[in-house]
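The values are calculated or read from the model by the stated rules, or taken from the named source; none is laboratory data. Being a predicted model, the structure only gives us computed values, none of them experimental. Here Cβ is always computed from backbone atoms with ideal geometry, including for glycine, and neighbour counts include all displayed protein chains. Quick note on the areas: whole protein, heavy atoms, side chains included, nothing else; ligands and nucleic acids left out. Shrake-Rupley method; radii C 1.70, N 1.55, O 1.52, S 1.80 Å.
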Amino acid sequence: MWYECAVPEATAGDNPVIFHTVVKNLADVVYERGEYTMAEECYTSADQLAGALCDPEAKARALEGQGLSREQQGSLPEAAESWEGAASLCRAMGDMEPLLRPNLEHLSRVYGQLDEEQKLGAVRDELATLGDEQEGTA
């Protein structure tokens, strides 16, 4: 796989943005191939790199991918933890609704399976508010 070959080259360089891009793309590829354990590891690395780069959007995307990988492995509480982190980051940064919404939707799906009714209600309310805000700006 080309992305796996690129990792050693990217680490040898002095550009952390390129390294992050390679790791994130590798995560996406292995996720699509159904290699969820490796995808989780790659998304975790991408999350750490995005944090070091002070790139909140990349961090939120990596946390979302990490959560999806965990969900595919049946680790629902851990998946929810990833999406909660992404949602918290999006709220804190503001103006990240396009990244907040899918993480809330993932949480809505998983909270129902985990019998987290109070959290499910709060997420649904927040999603409804986001929908209202989006309609108000159209």
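Values computed for the structure shown
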{"read-out": "Residue that is nearest to L68 (Cα to Cα), among those in region 116-138 that are modelled with pLDDT of 95 or more and acidic (D, E)", "value": "E116"}
{"read-out": "Every residue from region 106-121 that is in a helix (DSSP H, G or I) and surrounded by fewer than 15 Cβ atoms within 10 Å (Cβ to Cβ)", "value": "G112, Q113, E117, Q118, G121"}
{"read-out": "Test result for G112, over 15 Å from the mean Cα position of the chain (by Cα) and small (G, A, S)", "value": "yes"}
{"read-out": "Complete set of residues in region 75-96 that are modelled with pLDDT under 95 and either part of a helix (DSSP H, G or I) or among the small types (G, A, S) (or both)", "value": "G94"}
{"read-out": "Inter-residue pairs, beta-carbon under 8 Å, first touching a residue at least 12 places away in the same chain (Cβ under 8 Å) and in region 104-128, second open to solvent by less than 90 Å² (accessible area, probe 1.4 Å) and of a type in the set (S, T, Y), 6+ apart", "value": "K119/Y111; L120/S108; L120/Y111; V123/S108; V123/Y111; R124/S108; L127/S108"}
{"read-out": "Residue within region 57-74 that is closer than 22 Å to V123 by Cα, part of a loop (DSSP other than H, G, I, E, B) and open to solvent by 40 Å² or more (accessible area, probe 1.4 Å) present", "value": "yes"}
{"read-out": "Residue pairs meeting the criteria (Cβ under 6 Å; at least 6 apart or on separate chains; first within 9 Å of S69 (Cα to Cα), in region 24-43; second assigned to a helix (DSSP H, G or I) and open to solvent by 50 Å² or more (accessible area, probe 1.4 Å))", "value": "Y36/Q72"}
